[in-house]
Amino acid sequence: MCPFRGPLNAPLVGPSILSADFTRLGAEVRDVVREGADYIHVDIMDGHFVPNLSMGPAMCAAVRRAAPRAWIDVHLMIGNPADFIDPFVHAGANNITFHLEVERKPVALLRRIKEAGLTAGIAIKPKTPWSALAAVFPEADLFLVMSVEPGFGGQAFMRSSLPKVRAIRKRCGPLRRVEMDGGISPDTAAACRDAGCDALVAGAHVFGAPNRRAAIDAIRGVRGSRWR
Ligand code: DX5
Ligand code: ZN
């Protein structure tokens, strides 16, 4: 089954490995999967589109080796996403999301990702209006709404992102994913779910939690993964 398409029995929670202990990444990935993570969110940053550098396809391949059955959601915060579709397909990604702000032909790139057998997502930064997504609504499997300025984990949640989620959910219907990304905790997750999010990324509030299973369940709002 593919968690990024079709109906869900419960929202999905995807810990972002940007907040994992990189000295023991494999163990960290296996731990959050064991503790109930529905998928793994891999943040790719190029130091140009966002003011930070993070990791590349090799890290995605390492996550795949660590968790062969995990659903890997790659978030490209880079200025040239078209150059990195094939490397992340080969690295074992299941979904690739790129930013609308950098791509002149987003529909074609979404189609190319899907033709490679993956699901395809489109992301918008906090200052980008949801209406800018108009041309890609028919094509995207997933809509990623940034609730922080992209580039770093551990930032404060921006509530101004919630109305965008409502508008997107109204437009895309119930069978596609609306993902919120940035500053999500057990305290902020309920508002995201109420607005229509069904995929919730959380880095600091999962990897930094004393009890990761409790944090994941609290963010999902339901105990235990329902899609696997
Ligand atoms: C930020 C990334 C997010 C971030 C989430 O640019 O896209 O995925 O790592 O981390 P938290 O949940 O700590 O904000
Ligand atoms: Zn992300």
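Numerical summary
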{"read-out": "Backbone HN-Hα couplings from phi across segment 161-169 [Karplus 6.51/-1.76/1.60, Hz, Gly and Pro as x]", "value": "7, 5, x, 5, 4, 4, 5, 5, 4"}
{"read-out": "Net charge, Pro186 excluded, C-beta distance under 11 Å - Lys, Arg +1, Asp, Glu -1", "value": "-1"}
{"read-out": "Relative contact order %, segment 1-159, counting alpha carbon pairs below 8 Å whose residues are six or more apart", "value": "18 percent"}
{"read-out": "Whichever lysines have a C-alpha closer than 22 Å to that of Lys127, once near sequence neighbours (fewer than 8 apart) are set aside", "value": "Lys105, Lys164, Lys170"}
{"read-out": "Rough spin-label spacing in nm, given labels placed 7 Å along Cα→Cβ, for Asn211 and Asp187", "value": "1.9 nm"}
{"read-out": "Ranked list, fewest to most other Cβ atoms within 10 Å of each Cβ, for Leu110, Leu175", "value": "Leu175, Leu110"}
{"read-out": "Alpha carbon convex hull of segment 12-220, volume per residue in cubic angstrom", "value": "105 Å³"}
{"read-out": "Segment 1-116 - convex hull of the alpha-carbon atoms, volume per residue in Å³", "value": "113 Å³"}
{"read-out": "Phi to ³J(HN,Hα) by Karplus 6.51 cos²θ - 1.76 cosθ + 1.60 over segment 223-228, Hz, x for Gly, Pro", "value": "6, x, 5, 10, 9, 7"}
{"read-out": "Unmatched cysteines, the chain - criterion: no other Cβ of a Cys under 4.7 angstrom", "value": "Cys2, Cys60, Cys172"}
{"read-out": "Stretch gain in nm, segment Asn9-Arg69, where the contour uses 0.36 nm per residue and the Cα spacing is subtracted", "value": "19.6 nm"}
{"read-out": "Gain in span if fully extended, Asn52 to Arg30, counting 0.36 nm per residue against the direct Cα distance", "value": "5.3 nm"}
{"read-out": "Gaussian network model of the chain, Cα within-10 Å springs - most flexible of Val136, Val13, Val29", "value": "Val136"}
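Coordinate-derived values only; no laboratory data. Here the structure is a predicted model, which means the values were calculated and not measured. Positions of Cβ are generated from backbone atoms using ideal geometry, with glycine treated the same way; all protein chains shown enter the neighbour counts.
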